[in-house]
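Asker: Input: one structure, supplied below.
Only the coordinates and a few stated rules stand behind these numbers; no lab work does. This one's a predicted model, so the numbers in the text were calculated from it and none came from an experiment. Cβ: placed from backbone, ideal geometry, glycine included. Neighbour counts: every protein chain shown.
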Amino acid sequence: MPSSGAEAAAVDIFASLPVYIGGPLFVGIFVGIAVGGSLIAHRFFPKGVLEDHNDIAGFMFAVVGVVYAVLLAFLAIAVWERFDAAETRVHDEANQLVVVYRRVDAFPDQRAQLREKISRYVNVLISQEWPAMNTGKSSEKANALIEGIAFQARHLKVTTPTQQDLLTSIIDGLQATMMDRNDRLLLSNRGLNTFLWSILFLGAAGVIVFSYFFAFKSKSAQVAMIGLLAFSLALVLYLIAVVDYPFRGDVRISPEPFVEASQTVHGIGC
């Protein structure tokens with residue numbers, strides 16, 4: 001994958017696994033490290049000193065927690081909005097193709113050939129390009145088909161003003177479709193960079209380590225509180241990881257809009 005660095009590589013590994021495996025594994029390891037670290041740290045921290053500073057530590061922890069919560073929420077929302085935008089583009093891409101398919105009806109001499117190519121292109125997207133995007137690749141066959149469709153559309157023979165208007169809309173629709181496809185392929189290869197993942201993990205580590213400076217009267221309470229804190233942070237980090245690449249992993253955008261487009265063009269016929 002394009003991201004590099006220990007943090008990004010580790011997250012990529014968990015995000016590439018099925019959710020029912022990657023989720024519990026990531027959260028479990030994260031919580032285990034946090035709780036294990038707290039048990040080790042409290043063996044060496046003087047309990048009396050920690051108790052004397054609980055009030056001050058609580059105030060500072062609230063500040064640290066809020067700062068990290070803002071950062072975590074900002075990146076989680078940004079990643080989710082990008083995922084949602086990618087899904088919208090897929091719907092727009094599929095809808096534009098259906099519109100083009102319908103408007104080709106105004107050119108009876110070349111209609112059948114052009115419609116057959118559009119139908120084939122949609123099927124290639126579903127059967128070849130979508131599986132390829134799961135590994136950050138694309139379909140060369142799909143690329144050749146859409147370029148051929150655009151070329152043929154630009155050279156449609158116009159004999160009436162109505163055909164001229166429809167030809168303009170067909171060319172505009174194909175351009176919009178190709179731009180949406182380019183954006184889709186770009187989004188399938190672009191996620192949070194190493195620097196941002198480093199900030200996320202360093203911030204999480206800082207919040208968890210800060211929680212070690214509280215004196216716990218019960219070891220069970222210590223394990224429960226720090227475990228729940230780590231559990232909450234791990235869930236959000238895993239959410240960011242699984243939606244970071246909109247077309248990869250278990251939580252990815254499906255080709256359903258193109259499946260529906262295929263059914264529509266099949267119903268219209270050539």
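Asker: Do the conditions hold for residue 237, that is, is it of a type in the set (A, V, I, L, M), within 30 Å of residue 100 (Cβ to Cβ) and assigned to a helix (DSSP H, G or I)? Before the answer, list the steps.
Answerer: Working: of a type in the set (A, V, I, L, M): yes; within 30 Å of residue 100 (Cβ to Cβ): no; assigned to a helix (DSSP H, G or I): yes.
For residue 237, the condition - of a type in the set (A, V, I, L, M), within 30 Å of residue 100 (Cβ to Cβ) and assigned to a helix (DSSP H, G or I) - is not met.
Asker: Return the pairs, sorted by first residue and then second, in which the second residue is loosely packed, with under 15 Cβ neighbours inside 10 Å, the first residue lies in region 67-79 and is at negative phi, the beta carbons are less than 9 Å apart, and the residues are 6+ apart or on different chains.
Answerer: Partner pairs satisfying both residue conditions: 68/206.
Asker: If you don't mind, another one. Tell me the residue from 107, 201 that is closer than 30 Å to residue 242 by Cα and not β-branched (Val, Ile, Thr), please. Before the answer, list the steps.
Answerer: Working: 107 fails: closer than 30 Å to residue 242 by Cα.
The unique qualifying residue is 201.
Asker: Right, something else. Might you let me know whether region 242-252 holds any residue that is among the β-branched types (Val, Ile, Thr), closer than 12 Å to residue 11 by Cα and surrounded by 21 or more Cβ atoms within 10 Å (Cβ to Cβ)?
Answerer: The first filter runs over region 242-252 and keeps only residues among the β-branched types (Val, Ile, Thr), leaving 242-243, 251.
Among the residues that remain, those that are also closer than 12 Å to residue 11 by Cα are: 242-243.
Subsequent filtering for residues that are surrounded by 21 or more Cβ atoms within 10 Å (Cβ to Cβ) retains 242-243.
So far as region 242-252 goes, yes, one or more of its residues are among the β-branched types (Val, Ile, Thr), closer than 12 Å to residue 11 by Cα and surrounded by 21 or more Cβ atoms within 10 Å (Cβ to Cβ).
Asker: Restricting to region 20-48, what's the tally of residues that are touching a residue at least 60 places away in the same chain (Cβ under 8 Å), surrounded by fewer than 16 Cβ atoms within 10 Å (Cβ to Cβ) and touching a helix residue (DSSP H, G or I) at 6+ places or on another chain (Cβ under 7 Å)?
Answerer: Summing the residues that are touching a residue at least 60 places away in the same chain (Cβ under 8 Å), surrounded by fewer than 16 Cβ atoms within 10 Å (Cβ to Cβ) and touching a helix residue (DSSP H, G or I) at 6+ places or on another chain (Cβ under 7 Å) in region 20-48 gives 0.
Asker: The conditions are (1) over 30 Å from residue 158 (Cα atoms); (2) free of Cβ contacts under 8 Å to residues at least 60 places away in the same chain; (3) assigned to a helix (DSSP H, G or I); (4) more than 26 Å from the chain's Cα centre (by Cα), and residue 84 fails exactly one of them. Which is it?
Answerer: Unmet for residue 84, out of (1) over 30 Å from residue 158 (Cα atoms); (2) free of Cβ contacts under 8 Å to residues at least 60 places away in the same chain; (3) assigned to a helix (DSSP H, G or I); (4) more than 26 Å from the chain's Cα centre (by Cα): (4).
Asker: Can you name every one of the helices (runs of 4 or more DSSP H) wholly within region 88-202 that holds 2 or more residues which are of a type outside the set (Asp, Glu), surrounded by 15 or more Cβ atoms within 10 Å (Cβ to Cβ) and without any contact (Cβ under 8 Å) to a residue 60 or more places away in the chain? Please lay out each step first, then the result.
Answerer: Values: elements: 108-124, 130-133, 140-154, 161-187.
Fully inside region 88-202 and qualifying: 108-124, 140-154, 161-187.
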